Each structure stands twice: as C-alpha cells, then as structure tokens.
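Taking it in order: structure first as structure tokens, then the write-up.
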Amino acid sequence: MKKIETKKAPAAIGPYVQGNIHNGLLYASGQIPIIPETGEIKGKTIEEQTEQVMENIKHLLLAGGSSFESVVKTTCFLSDMENFARFNKIYAGYFSSNLPARSCVAVAGLPKDVLVEVEVIAVVE
C-alpha cells in the first residue's frame with residue numbers, strides 16, 4: 001500500500017492519511033472545505049464549500065496519479081438535504097461524461113460544522 005501526501009490538500013486532522021493506493025485504486029479520505037494553506041474553512045455557502053472540497057479532491061487525485069475521469073465511486077455527506085441541488089451543480093462541473101457511482105446522504109453533523117464532505121475511490125492511471 002502506498003500513502004498519498006500532498007501540501008495542496010489539507011493535512012489530516014486526525015489519525016488517518018490523505019489517501020492510500022492499493023491494487024491500482026486510490027482511496028481518498030473524506031475532504032471538507034479546508035483551505036490547505038491556512039487551515040481555515042472556506043465560505044459559508046454550500047457552493048463555496050463544495051468548490052473547495054472538489055479542489056482538495058482534485059489535488060489528492062493528481063498526487064496519486066489519477067483524475068476525476070478515473071473516479072469510480074464517491075460518497076457525499078451533506079449537513080442538510082435542502083442543499084442537494086446546489087451541491088450537485090458544483091459537483092457535476094468536476095466530472096465530464098464519465099460519472100462515478102455515488103451515494104449521497106444527510107448527516108447529523110460534520111467535522112468543524114461544515115456543510116459538505118466528499119470521499120472518492122479512483123483508478124490510478
């Protein structure tokens with residue numbers, strides 16, 4: 001197993017790694033809207049926070065030798081399903097015709113009281 005590390009995505013804030021590659025798949029830890037350079041949460045709206053989450057994921061994928069085109073599965077956590085359509089609009093912009101399988105659930109709470117967290121599994125190119 002190979003550990004993924006990049007300064008272009010937030011450092012782990014607990015006992016976990018940013019991601020692991022095993023048997024040709026990258027398993028990325030869930031990303032919340034932390035700005036890697038400052039450690040601060042980006043934005044107050046679901047759109048701003050989703051954009052930061054997806055940028056963090058982009059950098060994890062690149063660090064692991066993958067891309068959004070190779071994502072096979074995502075799991076999305078929203079603090080409020082009322083944000084579902086607005087979240088989808090930003091999320092969809094990161095994928096072209098190769099849409100991954102996905103689960104999206106509302107949860108009682110997320111780390112640092114953010115609105116969204118997304119984790120991905122991708123094929124390493």
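Just so it is clear, none of the values below were taken in a lab; they were calculated from the coordinates. None of the values given here were measured: they were computed from a predicted structure. Reconstructed Cβ throughout: ideal geometry from the backbone, glycine too, with neighbour counts over all protein chains shown.
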For the chain: lysine pairs under 25 Å (alpha-carbon distance), excluding those fewer than 8 apart on one chain
29
Among Val114, Val124, Val53, which comes first, second and so on when ranked by fewest other beta-carbon atoms within 10 Å?
Val124, Val114, Val53
Whole-number D in µm²/s for the chain (Stokes-Einstein; Kirkwood sum over Cα pairs; 20 °C, 1.002 mPa s):
149 µm²/s
Those chymotrypsin sites (Phe, Trp or Tyr not before Pro) from the stretch 3-94 that are DSSP loop and have at most 15 other Cβ neighbours within 10 Å turn out to be Tyr16
Would you mind ranking Ile90, Ile35, Ile57 by Cβ crowding within 10 Å, fewest neighbours first?
Ile35, Ile90, Ile57
Find, among the trypsin sites (Lys or Arg not before Pro) in the stretch 1-101, those assigned to loop by DSSP (not H, G, I, E, B) with at most 14 other beta-carbon atoms within 10 angstrom.
Lys7, Lys8, Lys44
